[in-house]
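Data block below; observations after.
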Amino acid sequence: TAGGDPDNECASADASTCGQTGACSGTRGVCQLYQSGTVCQSASCAAGVLTNAKTCNGSGTCQTPTPGTVNCAPYVCNGTGCRGSCTTDSHCVSTHACVSGQCKSKQSQACTSASQCASGFCVDGYCCNSACSGSCRSCAVAGSEGVCSNYAAASDPESECAASGASTCGQNGACDGNGACQMWASQTECQAAS
């Protein structure tokens, strides 16, 4: 009968092989194999990627499920599945922090909306340390992404400083390097001698 082996004729193999269970199948001359659905390789988790468990197909093969792997980001996996919430930063991938039960992007990570950022500020495409309001400031200054920084003097990448003629002694169309628009320099001629 199935499940028995009074003559010890069916050698036993580990479930990981999906081979013989060590019992007869109930069909004359056939040893029983691990049935379909038997786990032959446990689920595993590494760096936020869940590798789903493999199961026997009932014919001696350990088969890979579809999908074989799942990227759990921004959460990490817990060994058998992806987390859907967090209580500590360790429940999030390294680029994210746990904020009110959700994994949100840390400062300097790319973003499209403030709701994605742990800081609550998405400015110029990066999670920023502040709202970074005002002219001649940005969170996308090369080398300082995610930190509200002043544009370099004599530059104006976002064209925020409207230029006025030297005769006005007003803005010259560039930033001053201190988070404001640059004015025409001292001693610039604003009215010719006559």
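The values are calculated or read from the model by the stated rules, or taken from the named source; none is laboratory data. Note that the structure is a prediction, hence the values are computed from the model and not measured. Using ideal geometry, Cβ is built from the backbone for each residue, glycine included, and neighbour counts are taken over all protein chains shown. The area values use the complete protein model at the heavy-atom level, side chains included, leaving out ligands, DNA and RNA. Shrake-Rupley method; radii C 1.70, N 1.55, O 1.52, S 1.80 Å.
Observations
Here is a yes/no grid of residues against (1) over 26 Å from residue 132 (Cα atoms); (2) of a type in the set (Val, Ile, Thr):
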residue	(1), (2)
27	yes, yes
40	yes, no
46	yes, no
67	yes, no
83	yes, no
93	yes, yes
106	no, no
111	no, no
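- For the stretch 79-91, the condition of being open to solvent by 70 Å² or more (accessible area, probe 1.4 Å), touching a helix residue (DSSP H, G or I) at 6+ places or on another chain (Cβ under 7 Å) and either touching a residue at least 40 places away in the same chain (Cβ under 8 Å) or charged (D, E, K, R) (or both) holds for at least one residue.
- Those residues of the stretch 134-147 which are in contact (Cβ under 8 Å) with a residue 24 or more places away in the chain, open to solvent by 30 Å² or more (accessible area, probe 1.4 Å) and closer than 20 Å to residue 117 by Cα, in sequence order: 137, 145, 147
- Of note, residue 192 satisfies the criterion of being over 33 Å from the mean Cα position of the chain (by Cα), at pLDDT below 95 and open to solvent by 40 Å² or more (accessible area, probe 1.4 Å).
- Filter pass, residue 150 being touching a Lys or Arg at 6+ places or on another chain (Cβ under 7 Å) and of a type in the set (S, T, N, Q): yes
- Scanning the stretch 29-54 for residues that are open to solvent by 70 Å² or more (accessible area, probe 1.4 Å), in contact (Cβ under 8 Å) with a residue 12 or more places away in the chain and either among the aromatic types (Phe, Trp, Tyr) or not in a strand (DSSP E or B) (or both) turns up 35, 36, 47.
- Residue 4 being part of a loop (DSSP other than H, G, I, E, B) and open to solvent by less than 60 Å² (accessible area, probe 1.4 Å): yes
- The stretch 55-68 - residue that is in contact with a Leu (Cβ under 8 Å, 6 or more places away or on another chain) and surrounded by 14 or more Cβ atoms within 10 Å (Cβ to Cβ) and, of those, nearest to residue 30 (Cα to Cα): 58
- Residue match in the stretch 115-133 (condition: open to solvent by less than 60 Å² (accessible area, probe 1.4 Å) and in contact with an Asp or Glu (Cβ under 6 Å, 6 or more places away or on another chain)): no
- Members of the stretch 69-78 found to be in contact (Cβ under 8 Å) with a residue 24 or more places away in the chain and either touching a Gly at 6+ places or on another chain (Cβ under 7 Å) or surrounded by fewer than 12 Cβ atoms within 10 Å (Cβ to Cβ) (or both), listed by number: 72, 73, 75, 76, 77
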